[in-house]
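Q: Here it is: the structure, laid out below.
Every number here is computed from the coordinates shown, using simple stated rules; none is lab data. Note that the coordinates shown come from a computational prediction; the quantities given were computed from them, not determined experimentally. Here Cβ is always computed from backbone atoms with ideal geometry, including for glycine, and neighbour counts include all displayed protein chains.
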Amino acid sequence: MSLKDASPYPFGAALSISKMKNTEIYNQVVKAELNSITAENAMKMSNLAPSAINKYSWTDADFFVDYAEANHMRVHGHCLVWHNSLPSWVNSYNGTKAEWIELLRNYITTVVTRYKGRIASWDVVNEALIDNGTPRQTIWLTKIGWEYVELAFRFAHEADPDAVLFYNDYGQEYSKVKLAAINDTVKNLVKRGVPIHGIGLQMLTNINQSAQNMVDAITQTAETGLVVHVSELDVALNRDKKPEYVINPTDVATQKSRYRSIAAAMCQLPESQSWGITTWGVGDPDSWLKGSPDFPLLFDMNYKPKSCYQGVHEAFAALK
Ligand code: XIL
């Protein structure tokens, strides 16, 4: 059985436009196994508005949404506001606070409106906190102030009131301080009426991280009452980044067990709170971890299912 058929929640991956266009085996696996997709890069600001204010490049994002619709998949939009992936015209933009707010409003409104009704959910703000739980120093913070977070959600909600809006971040599984800070920050915003509906846990992790920490991250995030998305999952084997690393059975077994624990923890959430799991890439050739062999994904270098793929299935089978 495929992941999407066995899973009680949507199961997806981040996809690259060039592989969607050129790699047959990749497309076969995506279409057979997944029912939710996130653009790995195609919907980031430097891709959508690379060269100048109010000059958009929609081709790749349009292709992505068309592909999802043709294959009956959900699209998770990633990401509207992020300190990385800023086009140079933003970095050099000269404006007052009011003009920066207008720039943010205009960008978010334009992008969300274009795909209104076709993109189910958005990572509205990505990585706004650092590991000690304080605001990250970004251009948005400098030019607008912390208010930028709340404004971003309000602008996105105005543009598409039906879209499910996420605050997305990493580190919940390795830092209890950051986990609590993210959840408290989001809860406080929600209490003040800011339209945030969910929290995304990137969960770009490795086998050295304990299963308990991964499960706690999911469970405690769910205690906010908001929707939970494991949004960028990978479980690297080669945590020491050794160039000579060779896959071995012990590490493979740990990887399987970690994937099973994460999939099982998501199964414990009420259906209304589970946005599902998205892996950051499909097979090991797609991993964003470059420079050392890591093998963090569910399919191998030839896009054949790995032990960890079976681990996810075991979590689903245990539900029956
Ligand atoms: C990464 C992509 O995978 C890379 O191809 C790109 O060069 C940089 O961004 N957290 C995120 C993702 O939210 O958008 C990042 O994706 C990985 C870390």
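Q: What about T38, is it within 16 Å of the ligand (Cβ to nearest atom), under 20 Å from P285 (Cβ atoms) and more than 19 Å from the chain's Cα centre (by Cα)?
A: No.
Q: Could you tell me whether segment 78-100 includes any residue that is more than 16 Å from the ligand (Cβ to nearest atom), part of a helix (DSSP H, G or I) and under 20 Å from the mean Cα position of the chain (by Cα)?
A: no
Q: How many residues does segment 220-264 contain that are farther than 25 Å from S292 by Cα and surrounded by 14 or more Cβ atoms within 10 Å (Cβ to Cβ)?
A: Final tally of qualifying residues: 11.
Q: Related question: Of the numbered conditions (1) within 15 Å of the ligand (Cβ to nearest atom); (2) of a type in the set (S, T, Y); (3) surrounded by fewer than 19 Cβ atoms within 10 Å (Cβ to Cβ), Y167 fails exactly one; give the number of that condition.
A: It fails just one condition, (3).
Q: Which condition from (1) surrounded by 18 or more Cβ atoms within 10 Å (Cβ to Cβ); (2) on the phi > 0 side of the Ramachandran plot; (3) away from the ligand (no atom under 16 Å from the Cβ) is the one that L179 breaks?
A: (2)
Q: Of all residues in segment 101-132 being of a type outside the set (V, I, T), within 16 Å of the ligand (Cβ to nearest atom) and at negative phi, which is farthest from the chain's Cα centre (by Cα)?
A: Residue satisfying both the conditions and the ranking: D131.
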